1. Given the conditions (1) closer than 20 Å to residue B:120 by Cβ; (2) in contact with a helix residue (DSSP H, G or I) (Cβ under 7 Å, 6 or more places away or on another chain); (3) touching a residue at least 12 places away in the same chain (Cβ under 8 Å); (4) within 10 Å of chain B (Cβ to nearest Cβ), and given that residue A:49 satisfies all but one, which numbered condition is not satisfied?
2. Examine the stretch A:85-96 for a residue that is of a type outside the set (D, E, K, R), over 13 Å from the mean Cα position of the chain (by Cα) and on the phi < 0 side of the Ramachandran plot, and state whether such a residue exists.
3. Need the failing condition index for residue A:64 against (1) facing another protein chain (nearest Cβ under 10 Å); (2) over 24 Å from residue B:15 (Cβ atoms); (3) not in a helix (DSSP H, G or I), just the number.
4. So which of A:57, A:69 is in a strand (DSSP E or B) and either at pLDDT 90 or above or surrounded by fewer than 17 Cβ atoms within 10 Å (Cβ to Cβ) (or both)?
5. Answer yes or no: is there a residue in the stretch B:70-87 that is closer than 29 Å to residue A:57 by Cα, in contact (Cβ under 8 Å) with a residue 40 or more places away in the chain and not aliphatic (A, V, I, L, M).
6. Name the single residue, out of those in the stretch B:12-48 being crowded, with 23+ Cβ neighbours inside 10 Å and closer than 19 Å to residue B:108 by Cβ, that is nearest to the other protein chains (Cβ to nearest Cβ).
7. From the list B:145, B:114, B:151, which one is of a type in the set (Asp, Glu), within 12 Å of chain A (Cβ to nearest Cβ) and in contact (Cβ under 8 Å) with a residue 24 or more places away in the chain?
8. Which of (1) more than 10 Å from chain B (Cβ to nearest Cβ); (2) crowded, with 21+ Cβ neighbours inside 10 Å; (3) among the charged types (D, E, K, R) is the odd one out, the single condition residue A:26 does not satisfy?
Amino acid sequence: MTKIKSLADLKKMKDNLQSKIALREKSDSPEGRVIIKVAMATCGIASGSKEVMEYLVDELDKRNIDAIVTQTGCMGYCYAEPTIEVALPGQEPVVYGYVDTKRADEIIEKYIRNQELVEGIIPMNYQTIEKDKEGGKA
Amino acid sequence: MKELALHILDIAQNSITAGAENIGINVEEDEGNNVFRITVIDDGCGMSEEMVQRVTDPYVTSRTTRRVGMGIPLLMHSAEQAGGFLKIESKKGKGTTLEATFEHNHIDRPELGDIAGVMSILIGSNPDIRFQYQHKKNEQDFSLDTNDVIDTLEGIPINEPEVLKFIREMINDHIK
């Protein structure tokens with residue numbers, strides 16, 4: 001049987017962690033971080049947002065992408081759960097619906113790494129219409 | 001919801017929305033007395049007596065406020081289906097305590113599920129909230145206080161992926 005983990009074991013991991021964080025902080029500024037919000041209200045949880053969130057946290061860490069993954073409430077797209085909002089540094093956030101681990105992988109590889117849009121975007125079209133009106137375009 | 005752990009994730013969300021700074025999550029498995037109990041205690045904004053009456057009704061509550069909706073009715077249904085009940089005590093400005101009791105051996109009691117994963121998600125997403133987790137399983141008793149974890153870490157953020165993974169493994173080790 002392997003040893004049961006305790007807080008003393010966490011203490012031993014500390015130095016290792018500290019150097020890892022120092023390394024990361026040297027490489028880029030906090031503004032350079034990707035921020036992902038996973039919708040986790042009743043609707044999201046019931047549709048499997050927990051698995052998606054765990055997948056994102058693990059994979060982004062494994063693939064060395066500096067990101068913050070956090071929870072948010074219901075964004076009003078209950079029909080398209082699980083939904084996630086991805087904000088690349090300096091860009092408008094994009095909301096993706098029907099996210100499973102397969103699509104989450106696609107979002108990491110295509111959208112976060114290469115800024116290619118991936119299927120499943122929930123458009124915020126009301127914003128574009130307003131903008132167009134104000135700008136007098138089209 | 002397939003697992004009780006997912007209900008806990010959902011109910012704790014209410015506490016977070018209520019602005020709680022301390023959230024206690026207790027799981028009690030007592031096979032001797034045939035009781036399986038989940039308790040979520042918070043020091044959030046609390047509810048008026050009228051609201052306490054209404055939160056268990058999905059139709060009255062779901063559109064009047066975002067703080068409640070299907071979450072509590074679903075858990076209540078789950079508890080009642082397994083020979084148990086749901087109890088909510090709340091005081092405005094003081095906080096809320098929610099308790100869901102099940103018959104331990106009832107065939108309709110969902111399994112607890114991945115409580116370790118749920119705790120690591122809650123802690124990781126809300127590093128400023130103090131979580132106190134206690135799990136009693138017959139004679140076993142395990143507790144985890146995020147204040148102790150923060151003290152141990154001496155400045156390393158508690159929401160580092162590796163720390164969260166450690167928390168997940170530690171809980172799993174203890175409640176096996």
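The values are calculated or read from the model by the stated rules, or taken from the named source; none is laboratory data. Source: prediction; values computed, not measured. Reconstructed Cβ throughout: ideal geometry from the backbone, glycine too, with neighbour counts over all protein chains shown.
1. (2)
2. Checked against the condition, which is being of a type outside the set (D, E, K, R), over 13 Å from the mean Cα position of the chain (by Cα) and on the phi < 0 side of the Ramachandran plot, the stretch A:85-96 yields at least one hit.
3. The number of the failed condition is (1).
4. Values: A:57 fails: in a strand (DSSP E or B).
It is A:69.
5. Yes, the stretch B:70-87 contains a residue that is closer than 29 Å to residue A:57 by Cα, in contact (Cβ under 8 Å) with a residue 40 or more places away in the chain and not aliphatic (A, V, I, L, M).
6. B:38
7. So the residue among B:145, B:114, B:151 that is of a type in the set (Asp, Glu), within 12 Å of chain A (Cβ to nearest Cβ) and in contact (Cβ under 8 Å) with a residue 24 or more places away in the chain is B:114.
8. (2)
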